[in-house]
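S.K.: Sharing a structure, written as structure tokens. Questions coming.
The values are calculated or read from the model by the stated rules, or taken from the named source; none is laboratory data. Since the structure is predicted, the reported quantities are computational estimates derived from the model, not experimental observations. In this analysis, Cβ positions are derived from the backbone assuming ideal geometry, glycine residues included, and neighbour counts consider all displayed protein chains.
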Amino acid sequence: MTILQRDDWYDIARDVDWTLSYVDEKEAFPEQWSGIGPVPKEAWAAWDEPYRCTYRDYVSVQRDKESGAHAVREALKRANLYDRLDPAHTAASHLHMGATCFVEQMAITMQSRFCRFAPAPAWRNMGVYGMLDETRHAQLDLAFSHDLLKSDPRFDWCNKGFHTNEWGILAVRNFFDDWMLSCNVVEAAIATSLVVEHGFTNVQFIALAADAMAAGDIDFSNLLSSIQTDEARHAQAGFPTLEIMMKHDPERAQRIFDVSLWRSFRLFQTLTGTSMDYYTPLEHRKRSFKEFMLEWVITQHERVTRDLGLKHPWYWDQFLECLDHGHHAMHLGTWFWRPTLFWKPNAGVSRAERAWLNEKYPSWEESWGTLWDQIIDNVNSGAIDKTLPLTLPALCNLTQLPLGSGWNPFNLKQWKSEYKGRVYNFDSEISKWCFDIEPERYAGHLNIIDRFLTGMIQPPSVEGCLSYMSLTPDVMGDDAYNYRWAQDYRDYAKAAE
Amino acid sequence: MASFPIYGVFQGDFVPHLVAVDTDDDMAQVAQAVAVHSVSRRIAPKDHRPFEVVVAGETVPLDCKFGEVVAEKALDPLDFVIVRYAS
């Protein structure tokens, strides 16, 4: 019997649909999950994934990937490589594992929703591969972290993190609860597949894998590369979805894009901006976070906008401005509130690192250097207590990140809205706009400050907060190098005398 | 007498802090309560330089009771109260 070539049967297999007769279309595909709005059913027939994948191909390729990833893992398990890594770099892997493993888990649900509620059969078919991809990613993170538990209890947060109320986890969970678990498939495809995965995490994984390899963390680099190849494929689901939305409901498509771009960028700044500009050992830095953003993310965004007819978000100038500041603010904040972390941040402001920061960000000294100078004086005079917090920073009711962390100290300004008798505060005009156009979507959520004020955190103190966040002494954040970097300044001051 | 949460900003610092102040406190006490989270931590101390407090864009006398300022400026909980070195 002759076996048909893939191209002979592929379009029939991937695009089989049926006319419902026993159930109403709107009951089978309720608006709250499909989210197609005014787009006519026929329009979805044009949904066409930019690549081709059959189940047979998928299984074969994935089997090879799994074998490769686990072969490297097994080989390195016995080499105790992790114990010889730079502590600044290992912070990036703790942060990554704790913050993303359960996002992969949540993505399984999102992809399953594509399988069930997507308005095009080809999209539902693709969702199966996406669902299997995300299952693999979550399991890989857990397996690799489990291997490293013997070296560092922080890898337990790969599994534990999302079951805690640690503030950073809460920010990540809040975003993905919204854009993966609670929204309809049209929103999820634009916000998650297109903006988050294609726009940010796909390139982030390439950069992080390269940095990890340069830092000698072959295991982590291997893991990231294996995951990235899947992301690059299933993230493509966003393009055909956006294309159809731009034809039939362009305003809504633009709004979903604009909101998710800002929200995911703020998270990306926090997770990747700090890693690239402060945690990656200086000798291994290839480019700054801003350079990376401009070269990879912004260029790509401009290509998408041009190809699909999107406009730049109204906040584009502020977005570009934020590239110079937001992650520096987040880094200073995370380092200062380091007991609230489950990783040990590198201050990253030794004299050599500071020179690099000033070269890459000409306004760094004026905006951030003066604040670090006081911290350095405190470290060098033994006043470590002055480098630790006595209270909580103000937090945004949208991003869950500190107010003031979207800009520099010279632009700190209150942005607030009142909705149904409650006042909400925001880290920027942009976050306030996101809330104001869809208040019901966000209203009611309590950030850490709200929980503190409503008595959910007991005792009402920094210690109570740390306990509420499940932070125990064995994982609680502290300076990655035990403040040795500050010695640099003391030596310099002595030499100058 | 009642506790009232504010977001205290010390000018020049990058982030506001959650600060609980009492409506019976005078604004000098409010200024101290805000400053303790920034001055000598990320903001260089300036010996003997007095503070001043700005609420809703206006400087408020230091001997004024915070409760009066709350009423006069119609402050919401978690509104910004800005403290700075007097020029």
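S.K.: Please tell me if A:SER417 is within 12 Å of chain B (Cβ to nearest Cβ), farther than 30 Å from A:ALA352 by Cβ and loosely packed, with under 15 Cβ neighbours inside 10 Å. First the steps, then the outcome.
M.R.: Numbers: within 12 Å of chain B (Cβ to nearest Cβ): yes; farther than 30 Å from A:ALA352 by Cβ: yes; loosely packed, with under 15 Cβ neighbours inside 10 Å: no.
When the stated conditions are applied, A:SER417 does not pass them.
S.K.: Picking from A:ASP219, A:ASP178, A:ASP147, which residue would you name as being of a type in the set (Asp, Glu) and over 24 Å from A:HIS284 (Cβ atoms)? Working first, answer last.
M.R.: Numbers: A:ASP219 fails: over 24 Å from A:HIS284 (Cβ atoms); A:ASP147 fails: over 24 Å from A:HIS284 (Cβ atoms).
Checking each option against the conditions leaves just A:ASP178.
S.K.: In this structure, is B:ARG49 basic (Lys, Arg), in contact with a Lys or Arg (Cβ under 7 Å, 6 or more places away or on another chain) and either more than 9 Å from chain A (Cβ to nearest Cβ) or under 25 Å from A:LEU371 (Cβ atoms) (or both)? Can you show your working first?
M.R.: Working: basic (Lys, Arg): yes; in contact with a Lys or Arg (Cβ under 7 Å, 6 or more places away or on another chain): no; either more than 9 Å from chain A (Cβ to nearest Cβ) or under 25 Å from A:LEU371 (Cβ atoms) (or both): yes.
Against the criterion (basic (Lys, Arg), in contact with a Lys or Arg (Cβ under 7 Å, 6 or more places away or on another chain) and either more than 9 Å from chain A (Cβ to nearest Cβ) or under 25 Å from A:LEU371 (Cβ atoms) (or both)), B:ARG49 does not qualify.
S.K.: Now a separate question. If we keep just the residues of region B:31-44 that are touching an Asp or Glu at 6+ places or on another chain (Cβ under 8 Å) and hydrophobic (A, V, I, L, M, F, W, C), which is farthest from the other protein chains (Cβ to nearest Cβ)?
M.R.: Applying the filter and picking the extreme gives B:ALA31.
S.K.: Yes or no: region A:52-59 includes at least one residue that is free of Cβ contacts under 8 Å to residues at least 40 places away in the same chain and β-branched (Val, Ile, Thr).
M.R.: Yes: region A:52-59 contains one or more residues that are free of Cβ contacts under 8 Å to residues at least 40 places away in the same chain and β-branched (Val, Ile, Thr).
S.K.: Give the residues of region A:1-38 that are among the charged types (D, E, K, R), without any contact (Cβ under 8 Å) to a residue 60 or more places away in the chain and farther than 24 Å from A:TYR55 by Cβ, sorted by residue number. It would help to see each step written out before you state the result.
M.R.: At the first step, the residues of region A:1-38 found to be among the charged types (D, E, K, R) are A:6-8, A:11, A:14-15, A:17, A:24-27, A:31.
Right, trim to without any contact (Cβ under 8 Å) to a residue 60 or more places away in the chain and you get A:6-8, A:11, A:24-27.
A:ASP24, A:GLU25, A:LYS26, A:GLU27, listed by residue number.
S.K.: Given the conditions (1) in contact with a Pro (Cβ under 7 Å, 6 or more places away or on another chain); (2) modelled with pLDDT under 85, report the number of the one that A:THR2 does not fulfil.
M.R.: Result: A:THR2 fails condition (1) only.
S.K.: Give me the pairs: first residue in region A:357-383 and at the interface with chain B (Cβ under 8 Å from one of its Cβ atoms), second residue among the hydroxyl-bearing types (Ser, Thr, Tyr) and crowded, with 20+ Cβ neighbours inside 10 Å, beta-carbon distance under 8 Å, and six or more apart or on different chains, which are they?
M.R.: Final answer for the pair search is A:ILE375/A:THR387; A:ASN378/A:THR387.
S.K.: Shifting gears a bit: From A:ASP64, A:ASP86, A:ASP24, grab the single residue that is of a type in the set (D, E, K, R) and either within 27 Å of the chain's Cα centre (by Cα) or surrounded by 11 or more Cβ atoms within 10 Å (Cβ to Cβ) (or both). Full working, then the answer.
M.R.: Details: A:ASP64 fails: either within 27 Å of the chain's Cα centre (by Cα) or surrounded by 11 or more Cβ atoms within 10 Å (Cβ to Cβ) (or both); A:ASP24 fails: either within 27 Å of the chain's Cα centre (by Cα) or surrounded by 11 or more Cβ atoms within 10 Å (Cβ to Cβ) (or both).
A:ASP86 is the lone residue from the list that is of a type in the set (D, E, K, R) and either within 27 Å of the chain's Cα centre (by Cα) or surrounded by 11 or more Cβ atoms within 10 Å (Cβ to Cβ) (or both).
S.K.: For region A:251-265, state whether one or more residues are without any contact (Cβ under 8 Å) to a residue 12 or more places away in the chain and among the hydroxyl-bearing types (Ser, Thr, Tyr).
M.R.: Step one: of region A:251-265, the residues without any contact (Cβ under 8 Å) to a residue 12 or more places away in the chain are A:251.
Imposing the further condition that a residue be among the hydroxyl-bearing types (Ser, Thr, Tyr) reduces the set to none.
No, the conditions are met nowhere in region A:251-265.
S.K.: Moving on to the next point. Within 21 Å of the chain's Cα centre (by Cα), within 13 Å of chain B (Cβ to nearest Cβ), modelled with pLDDT of 95 or more and within 15 Å of A:PHE410 (Cα to Cα) - does that describe any residue in region A:329-350?
M.R.: Yes: one or more hits.
S.K.: Select from region A:462-491 the residues that are assigned to a loop (DSSP other than H, G, I, E, B), surrounded by 15 or more Cβ atoms within 10 Å (Cβ to Cβ) and more than 26 Å from the chain's Cα centre (by Cα) and list them in ascending order.
M.R.: Going residue by residue through region A:462-491, those that are assigned to a loop (DSSP other than H, G, I, E, B) are A:469-483.
If we keep only those that are surrounded by 15 or more Cβ atoms within 10 Å (Cβ to Cβ) too, we end up with A:469-471, A:475-481, A:483.
Within region A:462-491, just A:TYR483 meets the criteria.
S.K.: List every residue pair whose Cβ atoms lie under 6 Å apart, where the two residues are 6 or more positions apart in sequence or sit on different chains, the first residue falls within region B:1-30 and is facing chain A (nearest Cβ under 10 Å), and the second residue, located anywhere, is of a type in the set (Phe, Trp, Tyr) and surrounded by fewer than 23 Cβ atoms within 10 Å (Cβ to Cβ).
M.R.: Close Cβ pairs (under 6 Å, with a partner that is of a type in the set (Phe, Trp, Tyr) and surrounded by fewer than 23 Cβ atoms within 10 Å (Cβ to Cβ)) amount to B:TYR7/B:PHE80; B:VAL9/B:PHE80.
S.K.: Among the listed residues B:GLU72, B:GLU52, which satisfies the condition of being part of a strand (DSSP E or B) and among the acidic types (Asp, Glu)?
M.R.: Values: B:GLU72 fails: part of a strand (DSSP E or B).
Of B:GLU72, B:GLU52, the one residue that is part of a strand (DSSP E or B) and among the acidic types (Asp, Glu) is B:GLU52.
S.K.: How many residues, within region B:71-84, are away from chain A (no Cβ under 14 Å) and of a type outside the set (Gly, Ala, Ser)?
M.R.: Step one: list which residues in region B:71-84 are away from chain A (no Cβ under 14 Å), which gives B:71-72.
If we keep only those that are of a type outside the set (Gly, Ala, Ser) too, we end up with B:72.
Counting residues in region B:71-84 that are away from chain A (no Cβ under 14 Å) and of a type outside the set (Gly, Ala, Ser) gives 1.
S.K.: Something else now. Restricted to region A:215-245, and to residues that are closer than 16 Å to A:MET97 by Cβ and of a type in the set (Gly, Ala, Ser), which residue is farthest from the chain's Cα centre (by Cα)?
M.R.: So the residue we want is A:ALA215.
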